[in-house]
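Each reported figure results from applying straightforward, stated rules to the coordinates on display, with no laboratory input. As the structure is a computational prediction, the values presented were derived from the model and not from experiment. As a convention, Cβ positions derive from the backbone with ideal geometry for all residues, glycine included, and neighbour counts pool all protein chains shown.
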Amino acid sequence: MIHWMFNCKEVSEKVSLSMDASLPIHHRMMITMHLLICKYCNRFRKQLMILTNAIRLEKLPEDDPARSGSLSNATRERIKKALREVSH
Amino acid sequence: MSRPRSKEVDDAACTHCTRFLFMSSVGAKYFSSYLKNVFWSIASTRLTMNKNSSEIKAQIDNPENWVDEYGDFLYRYALSKLKDPSIAEDLVQETFLAALKARQNFQGRSTAKTWLVAILKHKIVDHIRRKVREPASDKVESLFDATANDFSDARFNGRGGWKHPPAKWAVNPTSLYEQKEFIDILYHCLGELPERQAKVFMMREIDDLGTDEICKALGISATNSWVILYRARMLLRQCLEIKWLGADN
């Protein structure tokens with residue numbers, strides 16, 4: 001079958017693939033064409049980006065009560081001791 | 001027969017000529033300064049890179065310093081995801097021990113902090129997984145254990161269209177870290193993913209490994225890794241939509 005345009009299933013696969021490998025130019029064009037007319041696949045693509053960015057975050061939110069927490073000295077020593085035991 | 005050229009034409013040609021010469025000399029000047037800039041920026045990046053990696057090496061060389069330097073940050077990070085101080089402490093300790101073991105693999109590609117946080121994220125997800133799996137929940141199984149053919153059948157119709165189109169997410173991508181609930185649910189969903197998928201997904205996104213490295217580490221083919229990543233993303237997206245938006249699809 002001659003394929004001139006991806007359907008949503010294929011686009012969802014290719015969009016995911018494009019995050020891990022480089023796609024041939026005609027695939028990229030076919031994705032772009034589909035994304036121009038399909039709002040659901042557009043959403044899907046944006047949501048995958050959000051997932052990726054969210055999981056890579058290191059910052060904590062400003063109002064998080066955990067921001068002020070710190071390890072107690074006893075815990076610190078315990079961890080250091082454990083590290084010493086393993087490295088020697 | 002040579003045609004007599006009018007003075008105007010000659011003048012015009014001459015102006016073009018001088019303009020061309022002028023432009024090309026300006027161009028050359030800019031080009032050479034551009035080259036110089038590029039050269040210096042490359043040279044200085046090299047220098048800073050060397051400096052950074054030697055600094056990082058020094059940080060890595062003494063594991064006990066890690067505790068003072070990064071302990072609190074990691075503890076807060078774990079606490080914000082898990083709420084339980086004693087579990088957070090345990091995970092920080094596990095993170096440092098794992099880091100000590102994997103010290104040789106750390107090539108200074110990222111900062112020591114990023115590297116340690118990445119290990120901690122794995123530990124957090126492992127912990128959530130243990131907690132989720134303890135009371136064997138049928139709902140979780142049915143949502144995530146769909147096999148190969150069911151997988152796309154459940155999500156797309158015969159013509160490859162969405163069965164349950166993605167819903168609109170009210171997330172601001174530029175301030176994701178403020179959306180605490182979203183991130184918490186994301187971690188929970190990662191803990192609920194089939195272990196292999198979660199592992200590949202985290203190696204790809206948290207550890208920022210290429211699929212070739214992942215394939216080597218886990219002994220799977222490239223195609224296999226892409227399929228696993230696709231499923232992981234689909235399931236995570238779906239899980240977030242169910243648990244976060246409460247949209248029942």
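Data overview
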read-out	value
Distant-in-sequence amide H partners of B:PHE156 (H built 1.01 Å from N, under 5 Å)	B:LYS163
Cβ-derived FRET efficiency at R0 45 Å, A:HIS26 paired with B:GLU181, nearest 0.05	0.65
Cβ-Cβ FRET estimate between B:ASP68 and A:MET49, R0 fixed at 45 Å, reported to 0.05	0.80
A:VAL86 versus B:GLN104: modelled label distance in nm, points set 7 Å from Cα along the beta carbon direction	1.6 nm
Nearest 10 degrees, 0 to 90: helix A:39-56 Cα axis against chain A principal axis	20 degrees
Rounded tilt (10° steps) of A:73-87 against the dominant C-alpha axis of chain A	80 degrees
Per-residue Cβ neighbour rank within 10 angstrom, fewest leading, B:CYS189, A:CYS38, A:CYS8	A:CYS38, A:CYS8, B:CYS189
Two-site FRET efficiency, B:ASP208 against A:SER72, from Cβ-Cβ distance with R₀ of 41 Å, rounded to 0.05	0.80
